1. Modelled label-to-label distance, residue 108 and residue 4, 7 Å Cα→beta-carbon offset: nm?
2. Fewest to most neighbouring Cβ within 10 Å: what's the order for 100, 80?
3. For 42, 29, 2, 78, what's the fewest-to-most ordering of other Cβ within 10 Å of each Cβ?
4. Could you give the size of the charge dipole of the chain about its Cα centre, using +1 on the Cβ of each K and R and -1 on the Cβ of each D and E, expressed in debye and rounded to the nearest 20?
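Any read-out appearing in this document is the output of simple, stated calculations on the displayed coordinates, not a laboratory observation. Here the structure is a predicted model, which is why all the values come from computation and not from measurement. Glycine also receives a Cβ, built like all others from the backbone with ideal geometry; neighbour counts cover every protein chain displayed.
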Amino acid sequence: MVLSRLISIIDRVSPPLDVYAHCDLPCGVYDPAQARIEAESVKAIAEKYQESDDKVFKERALFIKEERAELCKHHLWVLWTDYFKPEHLKKYPELHELFWTATKLAGEAKHSVDPKKGQQLLDSIAKIDKIFWETKGKKKTKAA
């Protein structure tokens, strides 16, 4: 109660400044690499799954692959909802389709043990990555 009053008095004497940003945090915190790393794991796990005859290993691999695919979807949605803005959509109208496709592919890779699904996911993320870096004024991407 006392702290609340004190803060209220300080705010009247020296009002807090309004700050604005185009995203939740200052630039530099968003990067498609997070989604790409998870997608690389999904693909690699599917490859290892195909190479193994160990039932216990395969069960564990499926569990981890599903987690990684879900994390990939999460990172894509954070990038889509927190970084990209209407001005990006005007310049890159394909963004809706790219994100929809990438998140659908992450879901398909989650339910598949085919490494090709993981590669399709990586290819889709690479397209988003290219646009992401163009919006930052860079033509070269960090994606492998």
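1. 5.4
2. Details: 100 13, 80 17.
Ranking 100, 80 by Cβ neighbours within 10 Å, fewest first, gives 100, 80.
3. Numbers: 42 30, 29 11, 2 6, 78 15.
Neighbour counts put them in this order, fewest first: 2, 29, 78, 42.
4. Values: 25 positive and 23 negative charges, 74 e Å.
Around 360 debye, computed over the chain.
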